[in-house]
Structures are given as C-alpha cells and as structure tokens.
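Accompanying notes for the structure given below.
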Amino acid sequence: MRVVLATGNAGKVREFAEMLAPLDLQFIAQGALGIESAEETGQTFADNALLKARHAAARSGMPAMADDSGLEVDALGGAPGVYSARYAGPEADDAANIAKLLAALAGVEPDARRARFRCVIAFVRDAEDPYPVFGTGSWEGRILSAPRGAGGFGYDPVFAPLDAAGASVAELEAARKHAASHRGQALRDLLQRLPRVPA
C-alpha cells in the first residue's frame, strides 16, 4: 500500500521512515507530490492531525497519515500546546521557539518545570473516510534550563524525559527515542487499531 505522509517537517519524515521501515508500506512525503501543507486551524491535536490527513488524501487520491504533536508545559498552563511549531511566530524556527520557551520559564525551579510531549496520528483511506483511525501517545518529562545535545528536532534539546536519567531527547540514540517517545507510542497505538477499521 502507498500512503501519503502529510507533513513538511523533515525531522518527522525521517522518524516515520525509521519507525515504519519493517512494514510492507510505501510512504511518500506530501512534498514529493507537490502537495502544500494544510493550514492548522484545529483546536486540538486530533483536529489538526485529521485535517492534515484529509487534505493530503484529497490532493493525492491516496490513503494518508498525519500527526499533530506538541509540548505542554504545566507552569505555562499547557502552552505552547497546539501552537508548539509556531510558538515564537508563524515563521519561527526551532531555536526561536526554544528561546521563547526558556524565557517564559526564567526563574521557574526545576521541580516546577514538568512537561510532556503529546502526539495524535490520524489515518484516512480517502479524503471522505467516515472512519478515520487515531493513535495517541504522551511522553512525560521536564524542561531543562538550557539546550543539550545535537540530535532530534523541535524542543528535543530542552526536554528531559523522566525515564532518561536527566538526558535530553537530543542526547538519546534514535532507537531509544523511538521506543519511548510520544510519536512512537502513537504510531504503535495506530497500527494496533488499523485491522479493526470497517471496510
């Protein structure tokens, strides 16, 4: 089966390709088909994942998969949440988003920096699929006071999972990240649900 991966984020494309390598599926990034990114107007991760998947399916005529994920920081009332990718503005890069996050947490003690990555992945067989399938995942941790590590993308350099002995996600090997991450959890959840989708 050929499936369109509805993301323009090179880091996500790489992670999905690594995690899905054992499956008998051919994934094509939407950019390779000339499909522009959908506008993320949803109020939840599930809303955005679904609208991105339907957008890619409508323009490709193929099944599509999309994720929406982000960082929730307790001390910031759950922000940046669905606005994680554009926290510092519509054209912000990872460094700008991290800088704004650390500035917002200036003076907040380590024990009060609890946060989590959340991910929702949506799969549709076509743009009008009445039975979209969702997978969800959450990864608990805390926000560091400064970036550490050169791997990953997004907020990985400042997010230290509770199960990583103080290391940032950007310091973890890819296999360990995929095994524990919110995206890995969501993908495994999705794949377990796919066989039960009505024909």
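Structure notes:
- Degrees, to the nearest 10: 10-20 long Cα axis against longest axis of the chain: 60
- Rg to Rh quotient for segment 38-89, alpha carbon positions, Kirkwood Rh: 1.08
- If the convex hull is drawn through the Cα atoms of segment 78-169, its volume per residue in Å³: 125
- Gyration tensor over alpha-carbon atoms, segment 96-139, equivalent ellipsoid semi-axes in Å: 36, 13, 6
- Working from Cα pairs under 8 Å separated by at least six residues, relative contact order for the chain is 18 percent.
- Kirkwood hydrodynamic radius computed over segment 1-117 comes to 15.6 Å, based on all pairs of distinct alpha carbons.
- Projecting the Cα atoms of Ala66, Gly78, Ile98 onto the dipole axis of segment 59-114, where Lys and Arg carry +1 and Asp and Glu carry -1 at the beta carbon, places Ala66 farthest toward the positive end.
- Computed over the Cα atoms of segment 116-155, the ratio of the radius of gyration to the Kirkwood radius (Rg/Rh) comes to 1.20.
- Estimated FRET transfer efficiency (Val108, Ala17; beta-carbon r; R0 35 Å; 0.05): 0.45
- Multiplying the residue separation of Glu91 and Ala146 by 0.36 nm and removing their Cα-Cα distance gives an extension gain of 17.6 nm.
- If the chain linking Asp47 and Leu191 were pulled fully straight, counting 0.36 nm for each residue of separation and taking away their Cα-Cα distance, it would gain 49.9 nm.
- Cα-based helix-to-principal-axis angle, 182-193 vs the chain, degrees rounded to 10: 30
- Within the chain, DSSP assigns beta bridges of which about 80% are antiparallel (rounded to the nearest 5).
- Distant alpha-carbon pairs in segment 80-120 (separation over 16 angstrom), percent: 41
- Least to most buried among Leu33, Leu71 (fewest other Cβ within 10 Å first): Leu33, Leu71
- Scattering profile of segment 2-196 at q = 0.07, 0.15, 0.19 Å⁻¹ [log10 I(q)/I(0), Debye over alpha-carbon scatterers]: -0.19, -0.88, -1.34
- Degrees separating the helix 94-104 axis from the principal Cα axis of the chain, which is the longest one: 50
- Taking the helices alone, the chain has a mean residue ellipticity at 222 nm of -9000 deg cm²/dmol, built from -39,500 (n - 2.57) per DSSP H run of at least 4 residues and averaged over all its residues.
Each value in this text was obtained by applying a stated rule to the coordinates, not by laboratory testing. Just so you know, these numbers come straight off a predicted model, no measurement behind them. Virtual Cβ from ideal backbone geometry, glycine too; neighbours counted across all protein chains shown.
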